[in-house]
1. If residue B:27 satisfies all but one of (1) buried (at least 18 other Cβ atoms within 10 Å of the Cβ); (2) assigned to a strand (DSSP E or B); (3) on the phi > 0 side of the Ramachandran plot, what's the number of the condition it fails?
2. List the number of the failed condition for residue A:362; all other conditions in (1) surrounded by 14 or more Cβ atoms within 10 Å (Cβ to Cβ); (2) more than 21 Å from the chain's Cα centre (by Cα) hold.
3. For the list (1) within 14 Å of chain A (Cβ to nearest Cβ); (2) in contact (Cβ under 8 Å) with a residue 40 or more places away in the chain; (3) surrounded by fewer than 22 Cβ atoms within 10 Å (Cβ to Cβ); (4) in a loop (DSSP other than H, G, I, E, B), I need the number of the one condition that residue B:44 fails.
4. Look at region B:255-282 and say how many of its residues are more than 32 Å from the chain's Cα centre (by Cα) and free of Cβ contacts under 8 Å to residues at least 40 places away in the same chain.
5. Does residue A:358 meet the test of being at pLDDT 90 or above, closer than 30 Å to residue B:56 by Cβ and within 14 Å of chain B (Cβ to nearest Cβ)?
6. Being out of contact with any Asp or Glu (no Cβ under 9 Å at 6 or more places or on another chain), part of a helix (DSSP H, G or I) and modelled with pLDDT of 85 or more, is that true of even one residue in region B:223-231?
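The values are calculated or read from the model by the stated rules, or taken from the named source; none is laboratory data. Keep in mind that this is a model prediction, so the values were computed, not measured. All Cβ positions, glycine included, derive from the backbone under ideal geometry; neighbour counts span all protein chains shown.
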Amino acid sequence: MNLNLCMMEFRRQRLSFVIWTASLSVLVILGLAFYPMVMQKDFSAVVDMITRVPVMKGLMAAFNFDLSRIGNIASFYIIYNSIYVILAGCLYSIYTASRLLSREEEQKTAEFLFTRPISRMTIFFSKAAVYLALMIVLNAVIALSGIAGMELFKSEESLITWVSEPVKAKMAAAFRQNPSQFQEYFQLSEKDYILFYAGKMMSLFTGSMARQKDFKVDPRVMKELIDGMADDPFILLEKMRASPEEYGKKMKLSGRDYEDFLKGIKQAGFELEAMKKSLEADPSQYVEIFEMEPGRILDPFKTRQYTLSRILSRFGLDPGTRVFIYYRLDNYLILSLYIFLLMTCMGSIGLLLSVLLKRGKSTVGVCMGITIAFYFINSLSNIAPRTAGFGYISPFKFVNTDILDPAYGLDWWRVTYFAGLVIVLGGLSLFVLKKKDILV
Amino acid sequence: MKIDNDINPVIETKALTKYYGKARGIENVNIRINKGEIFGFIGPNGAGKSTTIRTLLGLIFPSSGRGEIFGLDIVKNKGEIRNRIGYMPSDVNYYPALTCRELLAYSARFCRNADPGRIGELAACFELDLARKFSDLSMGNKKKVTIIQAFLHSPELLILDEPTTGLDPLMQKRFFDLLHKENKKGTTVFFSSHTLSEVQKLCERVAIIREGTIIKTEDVKDLRARQIKKVRIDFRDRMDGRIETLDGVKVPQHNGNTLSFFFSGDINLLIRQLSKCNVENMEIMEPDLEEIFLHYYEKGEEAS
């Protein structure tokens, strides 16, 4: 590394770096400032309705949008994160990296730089080090802005995501004593519980709810099915059993799918029955459901009349207890690390472009194209479980944004993937740089 | 100060060849430059001067053949070589946002033995305002920045690629003075140009390159001393056609009653023939390198 070159590179990057970092942080905080507004009843109800239309559901999935997630500030952050920070950050990263060396050729300063008494390897590592330092600072600033934004705009009415073990035990105990109390506080009805299982039931009927084939189903038919389920899933099931052919036709099932459907409706009854019975026997399962999918149970717009502290006191807990966590800092930091790794990975693609593109020709277009293509490959692959596999073409797929998952953590295979890609692409770039003729 | 050092030439290339894909860059270039020499490298644009220089500097890699500077391989020991050479590129492109002072200080910090004090000294000599931004400079002033950049670490070898383009005559003179001063201290100079007059003024030996190949390397003295005269005769009346057919007359040109040509034959024959003519005026001049150069080229064209 050559300090002189590093300082010059910093100087050259300074302005665009400051602008990008500032804009991204402001966007993060502004995005979070929308949170209290989104939490208002009407807006949410509209979003909720939209998400119930199957076609929209798929589209929403593609954009990583899920109402049950929006209710939590950390998840809300991710929705914005994925648009502003990840995409824009990756664009900045790949573009900056792609200009590291090509800019010297483009501005014809390569002749000067490459005739200084330093090796090409030194030039490469000096520039790469500056780039890496910029990325570290950028990601640190964005992560801190995220924390600042969440601290500023978190609200008590927000959905609860994580319940600590002792509190969970207490709640379950209170629940067992008086299940109706819990249902009252959280305004739960059997319908909520059915709706909670609606997704699962649908998959029992069709094999997979989110299959792309589902989109061919007439929305009216889909609405009929969903309404039928919400009214009484058992009656719907009976109807399906009585005339499977009719329903098969309605849902446009054929071949193996139809066989799956026949199998599904045979078993669905048992499973539904089992689910219902087990819930009646042990209402503390609500706590689990509540943890798994808080959006279903703890719709904040219903619980408005009960403030958090009131619910707490009813459970015999100190109203000051931190029962509910707005976000988990450790998971948030792990996510930030993933994003940093992703950006660095995009940067190493940029670095390779930097040595390959002649005089940095059409760098902007190529960088944008690659980033956006990868971004959408990942997005589209989220539509359905069956398409998930092909998403792994894209580095975006390797960022685990599912911070609500209780098992969320740093997966070494993801880190290895990113680090490996950076090393391979970086090494390749260095190899090309050492062998190539410098254009002057 | 001329030190003949045949054992350790400063620059030596052996069959240095560079192809850009299929396009020719240079072919079979053999140069040997001794310590303390001012060596000229001339050829028209596109002949391969810059390609040779860039190969020597390690910016581009030779397709075949090899080269050594200070006895070090130009491919393997680029870093060490660059510490000891000053390079002036033909096109001046520096970081536009920097001022001249920043640029030169930046350049100096790369070198092992740069003397920052020299920046001010040389800037004063060339009347360059160091506080100005590089992008705001005129072509000539930009060129001055590269001069200072190439000289400020007192290199052992100066590689100058068309250094005088854009400089006004006064600055050219100062530049040549500086070059002579450095050369007296023992600095070897490799000087490329397409204008021969400056090579004539400066250099001791010269290599002529054309279409990627070195046509000839010789002493400037020898080039000039060769028995070529430039003759111009104004006839009083009609021109004597026999003069043109004399042995040694080259490139005759008529202009009314004036005949001019290059002559490399026996001067007595010419005098004898002229005595039979009615001559109003005549001139016999030393041809300049420019003309000798042209002459080489025409020979080349005849051959091909």
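1. (3) is the only condition that residue B:27 fails.
2. (1)
3. For residue B:44, the exception is condition (1).
4. 12
5. no
6. Scanning region B:223-231 turns up no residue that is out of contact with any Asp or Glu (no Cβ under 9 Å at 6 or more places or on another chain), part of a helix (DSSP H, G or I) and modelled with pLDDT of 85 or more.
Conditions (1) without any contact (Cβ under 8 Å) to a residue 40 or more places away in the chain; (2) among the aromatic types (Phe, Trp, Tyr); (3) more than 8 Å from chain A (Cβ to nearest Cβ); (4) under 23 Å from residue B:126 (Cβ atoms), marked per residue:
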{"site": "B:59", "(1), (2), (3), (4)": "yes, no, no, no"}
{"site": "B:66", "(1), (2), (3), (4)": "no, no, yes, no"}
{"site": "B:73", "(1), (2), (3), (4)": "yes, no, yes, no"}
{"site": "B:95", "(1), (2), (3), (4)": "yes, yes, no, yes"}
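Residue by residue, here is whether (1) touching a helix residue (DSSP H, G or I) at 6+ places or on another chain (Cβ under 7 Å); (2) assigned by TED's automatic domain parsing to the domain that holds residue A:388; (3) at pLDDT 70 or above; (4) surrounded by fewer than 14 Cβ atoms within 10 Å (Cβ to Cβ) holds:
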| position | (1), (2), (3), (4) |
| --- | --- |
| A:192 | yes, no, no, no |
| A:198 | yes, no, no, no |
| A:202 | no, no, no, no |
| A:218 | no, no, no, yes |
| A:221 | yes, no, yes, no |
| A:228 | yes, no, yes, no |
| A:250 | yes, no, yes, no |
| A:259 | no, no, yes, yes |
| A:269 | yes, no, yes, no |
